[in-house]
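What follows is a set of notes on a single structure, which appears directly below.
The values are calculated or read from the model by the stated rules, or taken from the named source; none is laboratory data. Predicted model, so just to flag it, every value in this text is computed and none were measured. Glycine also receives a Cβ, built like all others from the backbone with ideal geometry; neighbour counts cover every protein chain displayed.
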Amino acid sequence: MPVLTAAVVLVGTLCTLDLILTLGVIKRLRDHGTLLTKLADNAPGRPPVIEVGEEVGEFTAVTVDGDVLTRESLTGDTLVAFFSPNCAPCHEMVPKFAAYARAVAGGRGRVLAVVVGTTDRARGQVAELAPVARVVVENGDPVVAEAFKVRGFPTLLRVTQDRDGRQVIAGNRVDLDSPAVAA
């Protein structure tokens, strides 16, 4: 009988330990789920934090051509893109964006490309974007990226002026594969 009692106590102890470990695993899975959700919200292809209809924040920046650019410089409909030299999807998207901007946007004045990274690393993207867009390189203080509330790269937006003359987001998704490219 003492052996049977010892076996029951041992099995009970093991079951209790297993229950405690299982509860710990469940807690960790919930924590990881929350973390993955936060990461997914900043993934390329997801809409940026700025919402359609929201006004663009104030900014002043200098383009690679030396022109001063402000929020008020975005007159009419403007295509705006944010890239980073450290972003693999950005490297794939820059040529598609340049072709789209060339075919659809209506000239360099209607396209703004912001490359967030060091000038040396941004050189390749700037060379591809400069013929079709006004290009700003943000090396330390991402003023333009903050004005648009950009959280991830690449980010593509459409900006327009509303009836009151404010620059607002007209679209926070741009389909570079749309049939308009062929037009």
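For the reader, a short list of remarks on this structure follows.
- Condition met for Ala145 (part of a helix (DSSP H, G or I), among the aliphatic types (A, V, I, L, M) and either in contact with a strand residue (DSSP E or B) (Cβ under 8 Å, 6 or more places away or on another chain) or crowded, with 20+ Cβ neighbours inside 10 Å (or both)): yes
- The residue that is surrounded by the fewest Cβ atoms within 10 Å (Cβ to Cβ), counting only those in the stretch 96-120 that are touching an Asp or Glu at 6+ places or on another chain (Cβ under 8 Å) and of a type in the set (D, E, K, R), is Lys96.
- Between Arg123, Arg134, Arg102, the distinction of being under 14 Å from Pro85 (Cα atoms) and either assigned by TED's automatic domain parsing to the domain that holds Asp175 or touching a residue at least 60 places away in the same chain (Cβ under 8 Å) (or both) belongs to Arg123 only.
- Within the stretch 52-69, the set of residues being under 11 Å from Val136 (Cβ atoms) and β-branched (Val, Ile, Thr) comprises Thr60, Val62, Thr63, Val64, Val68.
- Of all residues making up the stretch 68-105, the number that are over 15 Å from Val150 (Cβ atoms), outside any strand (DSSP E or B) and hydroxyl-bearing (Ser, Thr, Tyr): 3
- When restricted to residues that are more than 16 Å from Arg158 (Cβ to Cβ) and exposed (fewer than 13 other Cβ atoms within 10 Å of the Cβ), the stretch 73-85 contains 0.
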